[in-house]
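What follows is a set of notes on a single structure, which appears directly below.
The values are calculated or read from the model by the stated rules, or taken from the named source; none is laboratory data. All figures in this text were calculated on a predicted structure; none of them were measured in a lab. Cβ placement follows ideal geometry from the backbone for every residue including glycine, while neighbour counts extend to all protein chains displayed.
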């Protein structure tokens, strides 16, 4: 971390709570596979994701952790990665992140990814991992198993309760932003509406859950479960219609669900200002800027965080990496967060807009304490 002041020192030493992330690959990866994992797009002919802000950041900040010089060429980087092997690469990157608690979304976990326990084990140092249940995966498992339309609502509800009853589960998540967007009727659907929608869905084979009524039912079921609800917001792959992933579409639903469960908006770019607004006017809303930080790189993290924190109550911003697939995104996200927030807070202290004690408290809250307050982890965390 650049700088040696007390804010930089506080953030550099702070054990982070990464409140939303995924597993990483446990086997060696080809060049094309690695490139596909560092982009939300595709690997297009004649172009490499290494020639993008995130690819440059990987070579600049992650190469030294593989005993390579900064800005090592992509071919050298991948050769060294293969030489060390996946287990050693994962150990180096996860331990370098300085993360003590991981909340792991297990809803998209193809073969070859670490389990939450394996992720924490690679990080070492007593790190612990908890599970986040993706509700669309629960619903789709119900559909695949076969269910009569008039029994769908209760069968899904029972399956969701069973899933959140597993040891270590601390939250649920929805990817409604991918499936329908947020511009939905905010009202709880009636039993008749759910049955009719389940009949339509069943007629298509009960695969991908993208019926607006069933997505609404899923969100209202999440409220009944009583756990914090994570919602993917904004930036993602081209399956998203970005204008429909603006979290302000949730405004009426947030009014209807006030006083129920914490709602955590993930990633948010380019809607970090909209997420900040919602966190300022709804008690239950919290947010992060997640994978945005490693995609823009440490050099631009401060600018994104500055927009995110313009009007945000300081107890509402959390840290997440949203790392997936490659372990590089854990230290890269953590570094971008630490450096970006330190620079922003230092600037405000230097301008006498914040006292140093206030800045240190904000750093602790955003990197750790806010998540501990929302998720209420067990005493072994």
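On the given criteria, is residue 125 within 16 Å of the chain's Cα centre (by Cα), modelled with pLDDT under 95 and either outside any helix (DSSP H, G or I) or buried (at least 20 other Cβ atoms within 10 Å of the Cβ) (or both)? So residue 125 does not fit the description; no. Restricting attention to the stretch 6-15, the residues being in a loop (DSSP other than H, G, I, E, B) and crowded, with 16+ Cβ neighbours inside 10 Å number 1. Restricting 51, 18, 67 to residues that are touching a residue at least 12 places away in the same chain (Cβ under 8 Å), within 18 Å of residue 332 (Cα to Cα) and exposed (fewer than 14 other Cβ atoms within 10 Å of the Cβ) narrows the list to 67. Might you check whether a residue that is part of a strand (DSSP E or B) and buried (at least 16 other Cβ atoms within 10 Å of the Cβ) occurs anywhere in the stretch 138-156? No, that holds for no residue.
Out of 219, 209, I need the residue that is under 17 Å from residue 142 (Cα atoms), surrounded by 17 or more Cβ atoms within 10 Å (Cβ to Cβ) and in contact (Cβ under 8 Å) with a residue 60 or more places away in the chain. Which one?
Within the list 219, 209, the selection yields 209.
Is it the case, given these coordinates, that residue 334 is closer than 18 Å to residue 104 by Cβ, modelled with pLDDT of 95 or more and part of a loop (DSSP other than H, G, I, E, B)?
Considered against the rule, which asks whether it is closer than 18 Å to residue 104 by Cβ, modelled with pLDDT of 95 or more and part of a loop (DSSP other than H, G, I, E, B), residue 334 comes out as no.
Only one of the numbered conditions (1) under 25 Å from residue 50 (Cα atoms); (2) surrounded by 20 or more Cβ atoms within 10 Å (Cβ to Cβ) is violated by residue 113, and that is (2). Out of 231, 250, one residue alone is touching a strand residue (DSSP E or B) at 6+ places or on another chain (Cβ under 8 Å) and assigned to a helix (DSSP H, G or I). It is 250. Selection of the stretch 279-299 for residues being farther than 21 Å from residue 240 by Cα and either modelled with pLDDT of 95 or more or touching a helix residue (DSSP H, G or I) at 6+ places or on another chain (Cβ under 7 Å) (or both) yields 279, 280, 281, 282, 283, 284, 285, 286, 297, 298. Consider the stretch 157-171 and keep the residues that are outside any helix (DSSP H, G or I) and in contact with a strand residue (DSSP E or B) (Cβ under 8 Å, 6 or more places away or on another chain). The one that is surrounded by the fewest Cβ atoms within 10 Å (Cβ to Cβ) is 166. Restricted to the stretch 185-205, and to residues there that are touching a helix residue (DSSP H, G or I) at 6+ places or on another chain (Cβ under 7 Å) and under 11 Å from residue 152 (Cα atoms), the residue that is surrounded by the fewest Cβ atoms within 10 Å (Cβ to Cβ) is 191. Looking at residue 359, is it closer than 24 Å to residue 95 by Cα and modelled with pLDDT of 95 or more? No, not satisfied.
Report yes if residue 157 is out of contact with any helix residue (DSSP H, G or I) (no Cβ under 8 Å at 6 or more places or on another chain), closer than 19 Å to residue 225 by Cα and at pLDDT 95 or above, otherwise no. No. What do you reckon, is residue 72 buried (at least 19 other Cβ atoms within 10 Å of the Cβ) and either modelled with pLDDT under 95 or not in a strand (DSSP E or B) (or both)? Answer is yes for this residue. For the stretch 82-110, which residues satisfy the criterion of being surrounded by fewer than 22 Cβ atoms within 10 Å (Cβ to Cβ) and part of a helix (DSSP H, G or I)? Result: 82, 83, 84, 86, 87, 88, 91, 92, 95, 96.
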